[in-house]
């Protein structure tokens, strides 16, 4: 069936590591090779064609971030020139794709169990569930749980289950219908998109360079950060090393010569949950005394320890509208970001060691 729609291009995360770009969501499944996108002009104002750079699983077009900006510029030009005559949105013509795969292959326990053979077959089944819902939005899918970690819902979405997977482990099964899972589990659980991730079949961890395997899905050891997929252990180590670099080379080495300080890693002093436990705090041993530093949400906590050379907090930081404290010989302040932390540290060094320069 030939389809014509008027839709606007939106800037969005294209997913699967493609980054940020333009996207147009259509009403039906589309055959990618037939999609034509035109921002039409009127009178003597020329229009503009947009050639998709890729397509999502529905056959809907993706564009580069530059194309999205050009689209916005052209749309604004048309709006200024045409005034009330202007109708927003591009005209998209395409041929509808008929979805005719056997439903039992992706919407039954037997079919999904076969799909768990490898990441390629699993991703194909998940795509087919999404495409079926797009083609037949009034026909809900069956809902399942796989590996006790992922809920495949009635609308083709995948949710992470915040609960122990003991039910399915004890039953010795990989796939259960959702109602059976709920009736057998005793713990309270919730659903989220963030906890566990199923990577594409060809995804490679950018840290170790290894392709993901089904075992990574089974054990829920994949993270998705800024559109990229990482092994959980790889990401935690990389994030830890990033923090070490930020607090040493990029911050303390601007205050003290590298020969004039050493550091120890401390456990996170603000949050010990999985989201933050891999991000260390620091105990710096400097020629002027010890300093403890680490992130508390969006601020850096700086605490000069009792053996640090004395200075007057009110004199140095009396005008700073941030959290400050003095407990015995310890003095502390919260800095909004690394540059502010540098400013505070430098100000203290100039007060206690005025002839020193890094």
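When each of 114, 131 is tested for being under 25 Å from residue 229 (Cβ atoms) and surrounded by 17 or more Cβ atoms within 10 Å (Cβ to Cβ), the lone residue that passes is 131. When 21, 33 are checked against the criterion of being touching a helix residue (DSSP H, G or I) at 6+ places or on another chain (Cβ under 6 Å), assigned by TED's automatic domain parsing to the domain that holds residue 85 and either touching a residue at least 12 places away in the same chain (Cβ under 8 Å) or outside any loop (DSSP other than H, G, I, E, B) (or both), a single residue qualifies: 21.
Just to be sure, is residue 65 under 24 Å from residue 134 (Cα atoms), in contact (Cβ under 8 Å) with a residue 40 or more places away in the chain and surrounded by fewer than 16 Cβ atoms within 10 Å (Cβ to Cβ)? Spelling it out, it is not the case that residue 65 is under 24 Å from residue 134 (Cα atoms), in contact (Cβ under 8 Å) with a residue 40 or more places away in the chain and surrounded by fewer than 16 Cβ atoms within 10 Å (Cβ to Cβ).
Here's the yes/no breakdown for (1) closer than 17 Å to residue 256 by Cβ; (2) not in a strand (DSSP E or B); (3) not assigned by TED's automatic domain parsing to the domain that holds residue 162:
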{"site": "284", "(1), (2), (3)": "yes, no, yes"}
{"site": "292", "(1), (2), (3)": "yes, no, yes"}
{"site": "302", "(1), (2), (3)": "yes, no, yes"}
{"site": "310", "(1), (2), (3)": "no, yes, yes"}
{"site": "314", "(1), (2), (3)": "no, yes, yes"}
{"site": "322", "(1), (2), (3)": "no, yes, yes"}
{"site": "334", "(1), (2), (3)": "no, no, yes"}
{"site": "347", "(1), (2), (3)": "yes, yes, yes"}
{"site": "358", "(1), (2), (3)": "yes, yes, yes"}
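Of everything in segment 87-100, what is surrounded by 14 or more Cβ atoms within 10 Å (Cβ to Cβ), touching a helix residue (DSSP H, G or I) at 6+ places or on another chain (Cβ under 7 Å) and assigned to a loop (DSSP other than H, G, I, E, B)? Give them in sequence order. Result: 99, single match. Scanning segment 295-311 for residues that are in contact (Cβ under 8 Å) with a residue 40 or more places away in the chain, crowded, with 17+ Cβ neighbours inside 10 Å and touching a strand residue (DSSP E or B) at 6+ places or on another chain (Cβ under 6 Å) yields 300, 302, 304, 308. Contact annotation: residue pairs with Cβ atoms under 9 Å, 6 or more positions apart or on different chains, pairing a residue in segment 105-119 that is within 16 Å of residue 151 (Cα to Cα) and assigned by TED's automatic domain parsing to the domain that holds residue 179 with a partner that is in a loop (DSSP other than H, G, I, E, B) and modelled with pLDDT under 95, are 109/173; 112/174; 113/173; 113/174; 116/147; 116/174.
On inspection, residue 49 fails the criterion of being out of contact with any strand residue (DSSP E or B) (no Cβ under 7 Å at 6 or more places or on another chain) and either crowded, with 17+ Cβ neighbours inside 10 Å or in a strand (DSSP E or B) (or both). Criterion first (surrounded by fewer than 18 Cβ atoms within 10 Å (Cβ to Cβ) and touching a residue at least 40 places away in the same chain (Cβ under 8 Å)) does residue 285 satisfy it? Answer is no for this residue. Restricting to segment 146-181, name every residue that is part of a helix (DSSP H, G or I) and touching a helix residue (DSSP H, G or I) at 6+ places or on another chain (Cβ under 7 Å). Correct list: 167, 181.
Restricting attention to segment 182-220 and to residues that are in a helix (DSSP H, G or I) and in contact with a helix residue (DSSP H, G or I) (Cβ under 9 Å, 6 or more places away or on another chain), the residue that is farthest from residue 234 (Cα to Cα) turns out to be 184. Here is the figure for segment 256-268: residues that are under 19 Å from residue 241 (Cβ atoms) and not in a strand (DSSP E or B) total 3. Note on segment 1-20: residues that are buried (at least 16 other Cβ atoms within 10 Å of the Cβ) and on the phi > 0 side of the Ramachandran plot amount to 2. Only one of the listed residues (181, 196) is surrounded by 15 or more Cβ atoms within 10 Å (Cβ to Cβ) and either outside the structural domain of residue 126 (by TED's automatic domain parsing) or closer than 27 Å to residue 227 by Cβ (or both). That residue is 196.
The values are calculated or read from the model by the stated rules, or taken from the named source; none is laboratory data. Because the structure is a prediction, the values reported are computed rather than measured. Please note: Cβ atoms are built from the backbone with ideal geometry, for glycine as well, and neighbour counts cover all protein chains shown.
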